[in-house]
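Trainee: This is the structure, below, for whatever I ask next.
The values are calculated or read from the model by the stated rules, or taken from the named source; none is laboratory data. None of the values given here were measured: they were computed from a predicted structure. For neighbour counting, all protein chains shown are included, and Cβ atoms are generated from backbone atoms with ideal geometry for every residue, glycine included. All accessible areas refer to the heavy atoms of the entire protein, side chains included, with ligands and DNA or RNA removed. Shrake-Rupley method; radii C 1.70, N 1.55, O 1.52, S 1.80 Å.
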Amino acid sequence: QVQLVESGGGLVQPGGSLRLSCVASGSIFSIRVMGWYRQAPGKQREFVARIIGGGNTNYADSVKGRFTISRDNAKNTVYLQMNSLKPEDTAVYYCNVGLVGQLGGYWGQGTQVTVSS
């Protein structure tokens with residue numbers, strides 16, 4: 001149906017930056033929302049950021065001022081620019097896409113982000 005592929009994760013030092021990307025492909029008619037979630041070892045998956053409709057964005061309090069979500073509609077791609085990274089940002093980051101007129105959504109396979117000195 002819909003395939004999501006994340007990329008851009010890696011190992012960075014505290015204070016460093018990474019940009020994640022997620023490309024959606026397959027049976028896509030219209031994307032309602034694209035977002036990012038993350039899951040650290042032993043913890044529940046948590047919301048990070050999303051971009052909706054005409055471009056409104058929302059961020060978790062823990063990443064406000066440091067992360068920026070953006071999209072390229074022509075490429076069905078969402079990005080997450082992560083600056084001033086902290087060790088507590090270490091997690092697997094997952095892309096999520098919701099389609100217009102459909103309940104639920106689709107998830108990518110995740111990309112590992114490790115922040116360590």
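Trainee: Mind putting together the pair-distance distribution for the chain? All Cα pairs, 10 Å bins, whole percent per bin, short to long.
Mentor: 14, 49, 29, 7, 0
Trainee: Can you pull the semi-axes for region 1-41, root of five times each eigenvalue of the Cα gyration tensor, sorted largest first, whole Å?
Mentor: 26, 11, 10
Trainee: Which whole-percent values make up P(r) of region 64-105 when all C-alpha to C-alpha distances are grouped in 5 Å steps starting at zero?
Mentor: Histogram of Cα-Cα distances, whole percents per bin: 5, 15, 22, 23, 17, 12, 5, 1.
Trainee: Between region 76-111 and region 7-70, how many Å separate their Cα centres?
Mentor: What the calculation gives is 4 Å, centre to centre.
Trainee: Same structure again: Keeping all protein chains in place, calculate the accessible area per residue for region 1-111 (probe 1.4 angstrom), answer in Å².
Mentor: Heavy-atom accessible area per residue stands at 54 Å².
Trainee: Considering only protein heavy atoms and a 1.4 Å probe, what is the carbon-and-sulfur percentage of the accessible area of region 71-117?
Mentor: Whole-percent figure for carbon plus sulfur exposure: 47.
Trainee: Positive end of the charge dipole of the chain (Lys, Arg +1 and Asp, Glu -1 on Cβ, about the Cα centre): tell me which of Leu18, Val115, Val48 has its Cα farthest that way.
Mentor: The listed residue farthest towards the positive side: Val48.
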